[in-house]
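Below is one structure, written out as structure tokens; the observations come after it.
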Amino acid sequence: MSLGFDAFSMPLAALAAVLLDRLLGEARRWHPLVGFGNLAGAIEQRLNQRSLQAGVVAWLLAVAPWVALAFWLRPFAPFAVDVVLLYFALGAQSLCEHAEAIAKPLQAGRLDEARQRVGWIVSRETSSLDESGIAKAGVESVLENGNDAIFGALFWFALLGGPGALLFRLANTLDAMWGYRTERFNLFGRPAARLDDALNWIPARLTALTYALFGKTRMALACWRTQAPGWDSPNAGPVMSAGAGSLGVALGGAAIYHGQEEIRPPLGKGPAPIAADLSRAITLVKNSLWFWLIALFIISGVLHA
């Protein structure tokens with residue numbers, strides 16, 4: 001049985017979106033997610049009554065209209081809509097650029113510049129980090145955001161096309177904005193956090209498995225099994241423990257957030273990371289991305305054979 005364009009339209013759209021992201025990176029101006037963030041901020045200011053019900057209503061108001069619009073538009077131009085929506089949902093090139101901007105000055109011994117750069121992508125305090133601390137913060141961010149900015153969007157794209165990628169990315173954005181255990185967001189933001197956890201549950205485990213395949217597989221799986229349960233996040237734990245084990249480095253431990261030291265469970269096994277390990281983390285994410293794209297083509301071929 002011959003396989004035509006229609007059989008591979010979804011993986012071809014995924015490949016096109018990844019190549020667009022590689023070529024163009026994130027839009028520097030008028031990025032839709034920036035506009036969405038402004039909208040979400042306005043909704044929160046008006047509806048945050050510090051209750052679960054208000055959080056559910058706010059989440060639906062912020063997300064549902066855009067996802068419904070995407071589903072309505074898709075039949076008119078499926079390939080184009082899928083490519084555009086997945087392109088805007090992906091952040092692979094931006095993640096790699098930010099990580100490389102940390103790795104280069106770190107390798108050159110320019111610690112002040114490296115501290116500034118890593119401070120752009122992590123929420124912990126970075127002003128007093130040494131080389132190992134900078135590398136650790138950067139590697140952790142690359143591993144976790146590999147799932148949030150790439151593989152989660154690809155998973156939901158594979159299931160629901162462009163609207164699925166949009167759903168995941170908007171939900172993930174709201175979790176980043178509202179999913180805090182503070183007095184302001186503890187109740188209001190809890191629906192956003194739980195919905196993001198639910199949408200991320202399968203993608204995070206597939207990401208962890210992929211990380212394990214492209215490094216020290218046995219160690220990655222062992223770290224995932226023993227260390228992931230110690231993390232508060234049900235999805236960051238598997239992703240980061242498997243990634244750290246795959247790279248053979250020790251992550252986790254003490255970090256300062258908002259002036260308070262937090263002792264986090266250990267991740268991985270091996271020496272503390274150095275600048276070269278940040279570059280290895282970038283390579284791990286890139287290899288995993290190409291593996292996912294190849295898997296999409298294979299699965300599409302099997303389903304349409």
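General observations
- Check on TRP66, aromatic (Phe, Trp, Tyr) and either surrounded by 17 or more Cβ atoms within 10 Å (Cβ to Cβ) or within 28 Å of TRP292 (Cα to Cα) (or both): yes
- One residue stands out among those in region 218-258 that are more than 20 Å from the chain's Cα centre (by Cα) and hydroxyl-bearing (Ser, Thr, Tyr): the one that is farthest from ALA198 (Cα to Cα), which is TYR257.
- The sole residue among PHE76, PHE88 that is aromatic (Phe, Trp, Tyr) and either touching a helix residue (DSSP H, G or I) at 6+ places or on another chain (Cβ under 6 Å) or under 29 Å from GLU44 (Cα atoms) (or both) is PHE88.
- Of residues in region 259-275 being within 22 Å of the chain's Cα centre (by Cα) and of a type in the set (Gly, Ala, Ser), the one surrounded by the most Cβ atoms within 10 Å (Cβ to Cβ): GLY268
- Of the residues making up region 52-84, those that are in contact (Cβ under 8 Å) with a residue 40 or more places away in the chain, closer than 16 Å to ARG190 by Cα and among the aliphatic types (A, V, I, L, M) are LEU52, ALA54, VAL56, ALA58, ALA62, VAL63.
- Of the residues making up region 88-110, those that are assigned to a helix (DSSP H, G or I), farther than 19 Å from SER288 by Cβ and not basic (Lys, Arg) number 6.
- Taking (1) free of Cβ contacts under 8 Å to residues at least 60 places away in the same chain; (2) within 17 Å of ALA68 (Cβ to Cβ) in turn, ASN172 satisfies each apart from (2).
- Identity of the residue in region 181-195, in contact with a helix residue (DSSP H, G or I) (Cβ under 7 Å, 6 or more places away or on another chain) and under 7 Å from ARG50 (Cα atoms), that ends up modelled with the lowest pLDDT: PHE185
The values are calculated or read from the model by the stated rules, or taken from the named source; none is laboratory data. Quick caveat, the model's predicted, so the values are computed rather than measured. Note that we place each Cβ from the backbone using ideal geometry, even for glycine, and neighbour counts take in every protein chain shown.
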